[in-house]
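K.L.:
Below are the C-alpha cells for one structure; questions will follow.
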Amino acid sequence: MSEFFHSVTLDRELCHGCINCVKRCPTEAIRVRDGKAKILSDRCIDCGECIRICPHHAKKPIFDPLSVMEDYEYTIALPAPSLYGQFNNLDDVEIILRALVDMGFDAVFEVSRAAELVSDATRKMLSEGQLPRPVISSACPAVVRLIRVRFPDLIRHILPLQAPVEVAARLAKKEAMERTGLPAEKIGCIFISPCAAKVTAVKMPLGTKKSAIDAVVAIRDVYPKMLGFMKEENAAGEEYLSSGRMGIGWGSSGGESAALLNDRYLAADGIENVIRVLEDLEDEKLSAVDFVELNACAGGCVGGVLTVENPYIAKAKLKRVRKYLPVSCNRVGDGIPRQMKFDTEIQYEPVLQLDEDVVVALKKLGQIEEISHSFSGLDCAACGAPSCKALAEDVVRGYNTPDACVFLLKDKMQSLASSIAELEGKIPDTFKGDGRD
C-alpha cells in the first residue's frame with residue numbers, strides 16, 4: 001500500500017469531538033475516539049470538507065508560506081482562475097497579474113492559459129473516439145483520489161491528461177529556462193491555490209512521477225498582500241494576460257465542460273453530489289453523456305477552503321471579469337504534446353478492502369452485516385463512527401467493540417437492571433431486613 005501525504009491535518013487541542021466531520025467525510029476517514037477526532041490516513045482524500053464543516057477550526061490545511069519565494073533565484077506565479085473572482089469591482093485581469101509581479105514574482109503564467117490547452121486537447125481526444133464514454137475530468141485531485149479508493153471500475157474513464165496547473169508549471173519552467181538560462185532547480189513555479197487538495201497533488205501526484213510545481217501558497221495568504229498593489233495604472237505596461245473566457249471559466253463549476261463545445265456533458269459540484277454522480281456512472285446510468293466534470297468543492301474551485309470570497313459571489317465576479325475577453329487564446333496545434341499526458345497510470349488503492357484473501361474478505365463482510373443488524377440503524381454517529389455499518393466494520397477490524405453503540409449499551413443496561421430486579425424479587429424473606437428480627 002502507498003505512503004500517504006496529507007494537506008489536511010487535525011489540531012487535537014481544538015477538537016471537541018463533536019462528530020460534525022465524521023458525518024460529512026465522503027470516504028468515512030474520520031472517527032471520534034476518546035473524545036477526539038482521528039483521521040484515518042489511508043482513507044483521507046484531502047477534499048477539505050472537514051475543514052469547511054468544523055465549527056472549532058480543528059481541521060487545518062497545510063500549504064507553503066509566501067516566504068518560499070526566497071528559495072529561488074527566479075519565481076513564477078501560477079494564479080488559479082478562481083483568484084480572479086476574489087476581488088471587488090474588477091474589470092481587467094491585467095491588474096491582478098501586474099500586482100503579482102509588483103509584489104515580487106519575476107513572471108506570471110496563467111493557469112487559465114494551460115486550461116485552454118487542456119480543453120483543446122480534450123476536444124481532440126473526444127473527437128477521435130478512443131476514450132471510454134463518459135470521460136471523467138482529471139482536473140480535481142480530490143475527485144481523482146475519491147475514484148481510486150471508492151470507485152475503481154471508473155479509473156479507466158478518467159481523462160488521461162494532466163491538470164491545467166501541472167501543464168502550466170511544465171510550460172512555464174521550460175519558457176523560463178530558455179529565457180533566463182537558469183537551471184530548473186533555481187526556478188520556482190509557485191501555484192496560488194484555492195484548495196488544499198492541490199498541495200497533496202504536488203507532494204503525492206497521480207498521473208505523473210513528479211510534479212513540476214515547486215510550492216503551493218493559499219489564495220487567502222496572497223489576497224491581502226495583493227490589495228496594495230492593485231491599481232488601475234498597473235494594467236498599463238507589459239501585458240501578462242494570455243487567456244480568454246474559456247480558460248478563466250474553469251474557475252467555477254461548468255466552465256471546463258462549456259469549453260468543450262459539446263452539449264452532451266454533465267457538471268456537478270459539492271462532494272455529496274459528486275458521489276451521487278459517480279454511483280450513477282458505476283451503475284451505467286449516464287451512457288448518453290460524453291463528458292463529466294466533477295468538482296469536490298461547492299461552486300467549483302471558487303469554493304475551495306483557501307479562498308476568501310463566497311463561492312457564488314466569486315462565480316458572478318468571474319463572469320464579469322471575462323465578459324469582454326476573447327473566447328480562447330490557446331490551441332495545442334496538430335498533436336497533443338507529451339508533457340500534457342499522463343506518464344504513469346492511476347492505480348486502485350484498496351484502502352476499503354477488508355482482506356487480500358477474497359474468502360476471508362467475504363467472511364468479514366458477512367460478520368459486518370450480522371453485527372450491523374444488531375445496532376439501531378439510526379446512523380447517529382454517537383459511537384464516533386459515521387454509520388452503524390462503519391461501526392460494525394471497525395468491530396470486525398478490531399478497532400472497536402459493539403458496546404460503543406449507545407443504544408446497544410442502553411439495552412444491555414436495561415436488561416441488566418431488569419435481571420437485578422427479578423433476582424431481588426426472588427430473595428427469601430429470611431434474608432431480607434437488617435437481620436435483627
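Laboratory data are not the source of any read-out in this text; all were calculated from the coordinates shown. Not measured: the values here are computed from a predicted model. All Cβ positions, even for glycine, are placed from backbone atoms using ideal geometry, and neighbour counts span all protein chains on display.
K.L.:
Using a Förster distance of 25 angstrom, determine the FRET efficiency expected from the C-beta separation of S376 and E13, and round it to 0.05.
P.N.:
0.15
K.L.:
Also, I was wondering about something else. Calculate the dipole size of region 18-66 relative to its Cα centre from +1 charges on Lys and Arg beta carbons and -1 charges on Asp and Glu beta carbons; express the result in debye to the nearest 20.
P.N.:
About 240 debye.
K.L.:
Looking at region 8-61 from every direction and averaging, what is the projected area of its Cα convex hull in nm²?
P.N.:
The directionally averaged projection comes out at 3.0 nm².
K.L.:
While we're here: Counting each pair of different Cα atoms once, what's the Kirkwood radius of region 158-308 in Å, rounded to one decimal?
P.N.:
For region 158-308, inverting the mean 1/r across all distinct Cα pairs yields 17.7 Å.
K.L.:
Quick one: work out Rg over Rh on the C-alpha atoms of region 358-425, Rh as Kirkwood radius.
P.N.:
With Rg and the Kirkwood Rh in hand, the quotient comes to 1.12.
K.L.:
Right, here's the next one. Based on alpha-carbon positions alone, could you give the equivalent ellipsoid semi-axes of region 233-372 from the gyration tensor, as √(5λ), descending, whole Å?
P.N.:
So the three semi-axes of region 233-372 are 40, 20, 16 Å.
K.L.:
If each residue of separation counts as 0.36 nm, what is the full-extension length gain between L261 and R397 once their alpha-carbon separation is subtracted?
P.N.:
That works out to 44.1 nm of additional length.
K.L.:
Per residue of region 121-136, what does 6.51 cos²θ - 1.76 cosθ + 1.60 with θ = phi - 60° give for ³J(HN,Hα)? Whole Hz please, x for Gly and Pro, Karplus curve as stated.
P.N.:
Result, rounded to whole Hz: 5, 5, 4, 5, 5, 5, 5, 6, x, 9, 8, x, 8, x, 7, 9.
K.L.:
Give the relative contact order (percent, whole number) for the chain; include only Cα pairs under 8 Å separated by 6+ residues.
P.N.:
21 percent
K.L.:
Non-local amide H neighbours of T307 (under 5 Å, H modeled in plane, Pro and chain starts lacking H): which ones?
P.N.:
Residues meeting the amide H criterion: none.
K.L.:
First obtain the Kirkwood hydrodynamic radius of region 228-316 from its Cα pairs, then insert it into the Stokes-Einstein equation at 20 °C and 1.002 mPa s, and state the resulting D in µm² per second as a whole number. Intermediate results must be reported in sequence, preceding the final value.
P.N.:
Details: Rh = 15.0 Å.
The Stokes-Einstein estimate is 143 µm²/s.
K.L.:
Determine, from the Cβ-Cβ distance of H56 and K323 and an R0 of 51 Å, the FRET efficiency 1/(1 + (r/R0)^6), rounded to the nearest 0.05.
P.N.:
0.80
K.L.:
Listed here are the pairs K210/K364; K23/K410; K209/K363; which of them are more than 32 Å apart at the Cα?
P.N.:
Where the Cα-Cα span goes over 32 Å, the pairs concerned are K210/K364; K209/K363.
K.L.:
Can you pull the one-decimal nm distance between simple spin-label points at Y312 and E239, each 7 Å off the Cα toward Cβ?
P.N.:
In this crude label model, Y312 to E239 measures out at 3.7 nm.
K.L.:
Starting from the amide H of S193, placed 1.01 Å from N in the peptide plane, find each other amide H under 5 Å away whose residue is 5 or more places distant or on another chain.
P.N.:
V217, A218, I219
K.L.:
Which percent of Cα-Cα pairs in region 286-350 sits in each 5 Å bin, short to long?
P.N.:
3, 11, 11, 11, 19, 22, 15, 7, 1, 0
K.L.:
If the convex hull of the alpha-carbon atoms of region 15-153 is projected onto planes in all directions, what is the mean projected area in square nanometres?
P.N.:
Result: a mean projected hull area of 12.7 nm².
K.L.:
Show me, bin by bin at 5 Å from 0, the whole-percent P(r) of region 157-242 based on Cα pairs.
P.N.:
Result returned by the calculation: 2, 12, 18, 19, 20, 16, 8, 4, 1, 0.
K.L.:
Here is a follow-up. What is the sum of charges around S119, taking Lys and Arg as +1, Asp and Glu as -1, for the other residues whose C-beta is under 13 Å from the C-beta of S119? Spell out each step's value before the answer.
P.N.:
Numbers: positive: R113, R123, K124, R245, R331; negative: E116, D120, E256, E293.
With Lys, Arg at +1 and Asp, Glu at -1, the neighbours total +1.
K.L.:
So what's the chain giving for Cα Rg divided by 2.2 N^0.38 Å, two decimals? Each step should come with its number before you reach the end.
P.N.:
Details: Rg = 26.5 Å, N = 437, 2.2 N^0.38 = 22.2 Å.
Relative to the 2.2 N^0.38 Å estimate, the chain comes out at 1.19.
K.L.:
Classify region 1-95 as rounded, prolate or oblate, taking a ≥ b ≥ c as the square roots of the eigenvalues of its Cα gyration tensor: rounded when a/c is under 1.5, otherwise prolate if a/b is larger than b/c and oblate if not.
P.N.:
Because a/c hits 1.5 or more and a/b exceeds b/c, region 1-95 counts as prolate.
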